[in-house]
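The values are calculated or read from the model by the stated rules, or taken from the named source; none is laboratory data. On a predicted model such as this, the values are computed, not experimentally measured, just so you know. With ideal geometry, Cβ positions are generated from the backbone for all residues, glycine too; neighbour counts draw on all protein chains shown. These accessible areas exclude ligands, DNA and RNA; they are computed on the full protein's heavy atoms, side chains included. Shrake-Rupley method; radii C 1.70, N 1.55, O 1.52, S 1.80 Å.
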Amino acid sequence: MGTEVHISAWTTDEAAAVTAFDKAFNEFDRLDALMSTWKAGSDITRLNDAAGTVAVPVSVEVREVLHASQEVSEWTGGKFDVTFAALSGLWKFDHDIDGHVPDRAEIAPRLPLIDYRALTIDDRAGTAGAHRHGHRLVDALALGHADLAHHGRAGDDGAVLLGARPPDEN
């Protein structure tokens, strides 16, 4: 999902820590394959590609993340909107950052495509879909899902904590 991950451990059992790290990175890779917008064939990429046409089969975990995103969108009155990737390409925040700020004329045609309410999730059918061609979902919530649901809790600095720090490390 375009994110660098670092894991640290305080332990007297290095082999167990290495095994745990391998499991954690394998899980991140699995979730990346499901939810990344950077991976062809991921559930999110397929959902984005089918926007405005048909709902697509997606995993239970992807549906959970989409439900969570809709809930956050409701809580924030739409200030957070998982469909804001419709603005993708206008701003560059990744490896291609260039400092360009798009003008209103570039942004305006895409604004109608940002609407979390146009995302449908059908748990019974195991599908999700976006109502309008051009809707695009982001994979940002997938990172939180990977961090919190599978590996621990987020620390104040964004780190994932798998347990308590040693007593002498406060």
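Can Leu34 be described as open to solvent by 50 Å² or more (accessible area, probe 1.4 Å), of a type in the set (A, V, I, L, M), out of contact with any Cys (no Cβ under 8 Å at 6 or more places or on another chain) and under 29 Å from Thr127 (Cβ atoms)? Quick ask: steps written out before the conclusion?
Details: open to solvent by 50 Å² or more (accessible area, probe 1.4 Å): no; of a type in the set (A, V, I, L, M): yes; out of contact with any Cys (no Cβ under 8 Å at 6 or more places or on another chain): yes; under 29 Å from Thr127 (Cβ atoms): yes.
It is false that Leu34 is open to solvent by 50 Å² or more (accessible area, probe 1.4 Å), of a type in the set (A, V, I, L, M), out of contact with any Cys (no Cβ under 8 Å at 6 or more places or on another chain) and under 29 Å from Thr127 (Cβ atoms).
Over 26 Å from Gly129 (Cβ atoms), touching a residue at least 60 places away in the same chain (Cβ under 8 Å) and assigned to a helix (DSSP H, G or I): is that true of Ala20 in this structure?
On the way: over 26 Å from Gly129 (Cβ atoms): yes; touching a residue at least 60 places away in the same chain (Cβ under 8 Å): yes; assigned to a helix (DSSP H, G or I): yes.
Yes, satisfied.
Within the range 46-55, identify whether any single residue is outside any loop (DSSP other than H, G, I, E, B), under 13 Å from Ala128 (Cβ atoms) and in contact with a helix residue (DSSP H, G or I) (Cβ under 9 Å, 6 or more places away or on another chain), and answer yes or no. Reasoning before the result, please.
Start the filter on the range 46-55 by keeping residues that are outside any loop (DSSP other than H, G, I, E, B), which leaves 46-49.
Of the ones still in play, those that are also under 13 Å from Ala128 (Cβ atoms) are 46-49.
Filter once more, so that each one left must be in contact with a helix residue (DSSP H, G or I) (Cβ under 9 Å, 6 or more places away or on another chain): 47-48.
Checking the range 46-55: at least one residue is outside any loop (DSSP other than H, G, I, E, B), under 13 Å from Ala128 (Cβ atoms) and in contact with a helix residue (DSSP H, G or I) (Cβ under 9 Å, 6 or more places away or on another chain).
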- Message: Based on this model, can you work out whether Gly77 counts as in contact with a Lys or Arg (Cβ under 6 Å, 6 or more places away or on another chain) and open to solvent by 20 Å² or more (accessible area, probe 1.4 Å)?
- Response: no
- Flagged in the range 84-115 as of a type outside the set (Asp, Glu), at pLDDT 85 or above, assigned to a loop (DSSP other than H, G, I, E, B) and within 24 Å of Gln70 (Cβ to Cβ), in numbering order, are Ile114
